[in-house]
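Every number in this text was worked out from the coordinates using simple rules, so none of it is lab data. Quick caveat: nothing in here was measured; it's all calculated off a predicted structure. FYI the Cβ positions are ideal-geometry reconstructions off the backbone, even for glycines, and counts take in every protein chain you see.
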Amino acid sequence: MTTPIPQRTQVAIIGAGPSGLLLGQLLHKAGIDAVILERQTGDYVLSRIRAGVLEQVCIDLMDEAGVGQRMHQEGLVHGGFEMLYGGARHRIDMNKLTGGKNVMVYGQTELTRDLMDARQAVGLPTVYEAKDVAIHDFGSAKPRVTYSKDGVEHTLECDFIAGCDGFHGVCRASVPRAAIREFEKVYPFGWLGLLSDTPPVSDELIYVNSPRGFALCSQRSKTRSRYYLQVPLTDRIEEWTDEAFWQELRLRLDEEGREKLITGPSLEKSIAPLRSFVTEPLRFGRLFLAGDAGHIVPPTGAKGLNLAATDVKYLSSAIIEFYQERSEAGIDGYSARCLRRIWKAERFSWWFTQLMHRFPEDGPISAKFQEAELDYLLNSEAGSRSIAENYVGLPLNFGE
Ligand code: APR
Ligand code: PHB
């Protein structure tokens, strides 16, 4: 028996990525109805390989949403990471430098699966393969969403629309151009990622700045690794064999890394462009943008998922306040509150990207500036602390 699709809800959520699913769960905990409309199938959503480093605020939100159990069992707590530069490794002892904070390595795919399972377990409505989603009248108190499912047209009436539909979604694109400002920087290279069922080369992540370009040694578990290489945007994925990937990674690592690296067949391989992007504002009447729909960071600082989670925290609090206290203060402040946090994570991600990648088009002086900056940062407690403090994530109430 299929559950009938509701025609009215309090919050229509567009997109069943981490933002939409987490928002749905937090609203459900507060007794607020939501329907999620997702263009793809659930399996497709789970097949996308994304990052996997959770800040404490993201861990806390998964707990608050009641879906943190498997994350605590399987996630790996990391108190530091390494930076490899000029052939030498330097450890950023995050835990010590931040007075006891850590991050957790837990794949976005797993987090998404936990949220999907929790939603399904209590029978909350998600419409997968919702086609031609269009949002209407969000300037009024009676917004609507129209879409088709299996060839049948539907209308969903609601109080609010949450645009959690990622960078290529319909929500941001539906806002009149004169009402929105977009800030963007596209980087002149991409990340070639490879996932393999091989033990990670090291217990902790290694961020590498080598003369051949950036590399990152990351992981999903004790038996699954995720590696990345900076590559020109003109490279095509079909041209990168697994063997060529491993060979290039070896050349960017140090002696110890080369010795310890265990290679194997790739489970997934893809090239992603790097972009910094922010939309202002994030609220348009009864429409709110959250997560990748409103902003993109280059992955170097592992901030994408964490920023999405904090947008959702602010948005769920604002909507709960609206229904429970009849107050619009939260929804009025949503955009400014999010943007203040977003810009700091944007700045860190941009800066860390500049520091760790090679920019040959900027001439030899750019490598010299990097050399001096890394030499300063990694030998200065204040410099290393600044990296650590941003990497573990600034507190939710930072600067308030
Ligand atoms: N109609 C319905 N659903 C849509 C539409 C549409 N027109 N357009 C996009 N979607 C869906 C996508 O299929 C996707 O499942 O919205 C979802 C958006 O999910 P994400 O792109 O994962 O974005 P978000 O949930 O904000 O998660 C942010 O993902 O890209 C990473 O680094 C980012 O980790 C961060 C996280
Ligand atoms: C990942 O594991 O995919 C990952 C980790 C850290 C990053 C980016 C990606 O900075």
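Counting only complete DSSP H runs, which helices of the chain cover 27 Å or more along their long axis at the Cα atoms and score a mean Kyte-Doolittle of -1.0 or above?
Numbers: long enough: 304-325 (31 Å, 0.28); 329-356 (41 Å, -0.27).
Those that clear 27 Å and a mean of -1.0 are 304-325, 329-356.
Output the direction-averaged projected area (hull surface divided by four) of the convex hull of the alpha-carbon atoms of the chain, in nm².
Working: hull surface 81.5 nm².
Over all viewing directions, the chain projects a mean Cα-hull area of 20.4 nm².
Each residue of the stretch 42-55 in turn: what ³J(HN,Hα) in whole Hz from Karplus with 6.51, -1.76, 1.60 and θ = phi - 60°, glycine and Pro shown as x?
x, 5, 5, 4, 6, 7, 7, 8, 10, 5, x, 10, 9, 6
Collect residues whose amide H, placed 1.01 Å from N in the peptide plane, falls under 5 Å from the amide H of Arg212; neighbours closer than 5 in sequence don't count.
none
Give the separation of the Cα centroids, the stretch 131-156 to the stretch 60-90, in Å.
39
If you place +1 on the Cβ of every Lys and Arg and -1 on the Cβ of every Asp and Glu, how big does the dipole about the Cα centre of the stretch 218-335 come out, in debye to the nearest 20?
With only Lys, Arg, Asp and Glu charged at Cβ, the dipole is about 240 debye.
Could you give the nm distance between label points at Glu157 and Phe183, where each point is 7 Å from its Cα heading toward the beta carbon?
Going from the Glu157 label point to the Phe183 one covers 4.0 nm.
Which lysines does Lys29 reach when only Cα atoms under 20 Å apart count, and residues fewer than 8 places away in its own chain are ignored?
Lys313
Say the cut-off is 23 Å between C-alpha atoms; which of Lys101/Lys344; Lys131/Lys303; Lys131/Lys185; Lys96/Lys260; Lys222/Lys260; Lys96/Lys303 go over it? Please report the intermediate quantities before stating the final value.
Details: Lys101/Lys344 19 Å; Lys131/Lys303 30 Å; Lys131/Lys185 31 Å; Lys96/Lys260 27 Å; Lys222/Lys260 14 Å; Lys96/Lys303 21 Å.
Those over the limit are Lys131/Lys303; Lys131/Lys185; Lys96/Lys260.
With unit charges on the beta carbon (Lys/Arg positive, Asp/Glu negative), name the residue among Tyr207, His168, Leu233 whose Cα is farthest towards the positive pole of the charge dipole of the stretch 150-263.
Tyr207
Let's test the formula: R0 of 41 Å, r as the Cβ-Cβ distance of Glu74 and Arg326. What FRET efficiency results, to the nearest 0.05?
Details: r = 41 Å, r/R0 = 1.01.
Here the calculated transfer efficiency is 0.50.
Mind putting a number on the dipole of the stretch 53-141 about its Cα centre? Charges go on the C-beta only, +1 for Lys and Arg and -1 for Asp and Glu, and I need it in Debye to the nearest 20.
On the way: 8 positive and 13 negative charges, 81 e Å.
So the dipole magnitude of the stretch 53-141 works out to roughly 380 debye.
Considering only DSSP beta bridges whose two residues both sit in the chain, what percent are antiparallel, to the nearest 5?
Numbers: 54 of 72 bridges.
In the chain, DSSP labels about 75 percent of beta bridges as antiparallel.
Between Glu259 and Ala141, with labels modelled 7 Å along Cα→Cβ, what's the label distance in nm to one decimal, could you check?
Label at Glu259, label at Ala141, 7.2 nm between them.
By average Cβ neighbour count within 10 Å, what is the ranking of 276-284, 15-23 from highest down?
Values: 276-284: 19.2, 15-23: 28.4.
In descending order of packing, they fall as 15-23, 276-284.
Is the stretch 9-133 rounded, prolate or oblate when judged by the Cα gyration tensor, a ≥ b ≥ c being the square roots of its eigenvalues, rounded requiring a/c under 1.5 and prolate requiring a/b larger than b/c?
On the way: a/c = 2.94, a/b = 1.95, b/c = 1.50.
Since a/c reaches 1.5 and a/b is larger than b/c, the shape of the stretch 9-133 is classed as prolate.
Report the net charge of residues surrounding Phe322, where surrounding means a beta-carbon distance below 14 angstrom and charges are Lys +1, Arg +1, Asp -1, Glu -1.
Details: positive: Arg283, Arg286, Arg326; negative: Asp33, Asp159, Glu321, Glu325, Glu328, Asp332.
Taking every other residue near Phe322 into account, the sum is -3.
Using packing as a proxy for protection, rank 90-103, 177-190 so that the peptide with the highest average count of other Cβ atoms within 10 Å comes first.
On the way: 90-103: 17.2, 177-190: 13.2.
Highest-to-lowest ranking by the protection proxy: 90-103, 177-190.
Under the rule a/c < 1.5 gives rounded, and otherwise a/b versus b/c splits prolate from oblate, where does the stretch 113-206 land using the Cα gyration tensor? Provide the component values of the computation, followed by the final result.
Values: a/c = 2.62, a/b = 1.45, b/c = 1.80.
Oblate.
For the ranges 59-71, 239-251, 290-302, what's the packing order if you count other beta-carbon atoms within 10 Å of each residue, average per peptide, and put the highest first?
Details: 59-71: 18.2, 239-251: 15.1, 290-302: 26.8.
Per-residue Cβ counts within 10 Å, averaged per peptide and sorted highest first, yield 290-302, 59-71, 239-251.
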